[in-house]
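The values are calculated or read from the model by the stated rules, or taken from the named source; none is laboratory data. Every value quoted in this text rests on a predicted model; they were computed, and no experiment measured them. Note that each Cβ is placed from the backbone with ideal geometry, even for glycine, and that neighbours are counted across all protein chains shown. Remember, those area values only see protein heavy atoms, side chains included, never the ligands or the DNA or RNA. Shrake-Rupley method; radii C 1.70, N 1.55, O 1.52, S 1.80 Å.
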Amino acid sequence: MTNELISKWVSLYTEDMFKWALRKTSSAEISEDLVQDTFMAATEKISSFKGDSTPKTWLFSILNNKIVDYYRKKVKQAVSLEDSVLSSVFDKTESWVNKRMPRDWSDDGGHLLDEEDFQKVLKHCLDALPEKWNLCVKLKYLTDKNGQEICQELNLTASNFWQIIHRAKLQLRDCIERNWFNN
Amino acid sequence: MRSIKHFFLISCLKATELIEKKFYFKLSFSERLQLKVHKSMCKACALYGKQSAFIEKGISWQIKKEDLKVDIEALKTRIHQMLESK
């Protein structure tokens, strides 16, 4: 009986829950896990569901707790703002190191984004970023939030946030140029 | 004279930082001016600005693709199976 009920909820709410988790975590893989965990937890504590709220509200409250847990773990593993990226692309006078200086990508037609191979390189380079940096650069496109709100959500000061973005983008750009344009 | 020069001239590191900040926050008047002056003199940072905007576009594409890629029905099936096997 219980299983039938939960099973019905899986059919009804999985999609909304998944999309919500994806907006919050920016990773499809992690979102799938979180939704699965939520249903596991729901099965275990179904007796505490009294019907005061709708099933959807109840499931989302469990899911939100899972998302918070996920962030908590992540903040603990947070990468510090280490400066190795900066010192590898800029010299002591804060000018570009010659070898790492941006070169012309000459994508005049702007068709580069259509190319599957380019998208692969971009994905490879995004995945190579430290996890928190990866999350920071993606967040703008996952939520409709502005810079200030994103900072609040991540518990970062504004200057800390754009310093992370700065380092992440320097590394991304460098990675793309080396993997794509120099071949 | 020296202080005016100092005000306008920012390093490449600082210029690229402003380029990134601009995607999220409104730059102050003096920041905008500093960035403009720097980019007019530094080809590498001007290129960086273009490429950075291009990468932003690429990231938004990647995310749209990720959204489409996930098979919700398959996920439902997996969860159903997981619950049954408990």
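Only one of the numbered conditions (1) in a helix (DSSP H, G or I); (2) surrounded by 18 or more Cβ atoms within 10 Å (Cβ to Cβ) is violated by residue A:129, and that is (1).
Restricting to region A:157-169, what's the tally of residues that are in a helix (DSSP H, G or I) and more than 10 Å from chain B (Cβ to nearest Cβ)? Looking only at that region, the number is 1.
Within the set A:172, A:154, the sole residue that is under 16 Å from the mean Cα position of the chain (by Cα) and facing chain B (nearest Cβ under 9 Å) turns out to be A:172. Taken over region A:1-21, the criterion of being within 24 Å of the chain's Cα centre (by Cα) and open to solvent by 10 Å² or more (accessible area, probe 1.4 Å) is satisfied by A:13, A:15, A:16, A:19, A:20. Taking region B:6-20 as the range and being open to solvent by 20 Å² or more (accessible area, probe 1.4 Å) and under 19 Å from the mean Cα position of the chain (by Cα) as the test, the residues that pass are B:13, B:14, B:17. What number goes with the only condition from (1) more than 10 Å from chain B (Cβ to nearest Cβ); (2) within 30 Å of residue B:75 (Cβ to Cβ) that residue A:38 does not pass? Result: residue A:38 fails condition (1) only. Within region B:36-66, the residues that satisfy the criterion of being under 26 Å from residue A:139 (Cβ atoms) and either of a type in the set (Ser, Thr, Tyr) or more than 7 Å from chain A (Cβ to nearest Cβ) (or both) are B:45, B:48, B:49, B:50, B:52, B:53, B:54, B:56, B:60, B:64, B:65. Filter region A:135-156 for residues that are in a helix (DSSP H, G or I) and touching a residue at least 60 places away in the same chain (Cβ under 8 Å) and give the result. Those that are in a helix (DSSP H, G or I) and touching a residue at least 60 places away in the same chain (Cβ under 8 Å): A:135, A:138, A:139, A:142. Entry remark, region A:27-43: residues being buried (at least 21 other Cβ atoms within 10 Å of the Cβ) and polar (S, T, N, Q) number 2 in total. Limited to region A:102-153, what total is found for residues that are at pLDDT 75 or above and within 21 Å of residue A:70 (Cα to Cα)? Total meeting the criteria: 20. The set of residues in region A:125-168 that are under 24 Å from residue A:89 (Cβ atoms) and among the basic types (Lys, Arg) comprises A:132, A:138, A:140, A:167.
Among the residues of region A:44-65, those identified as within 14 Å of chain B (Cβ to nearest Cβ) and open to solvent by 40 Å² or more (accessible area, probe 1.4 Å) are A:44, A:45.
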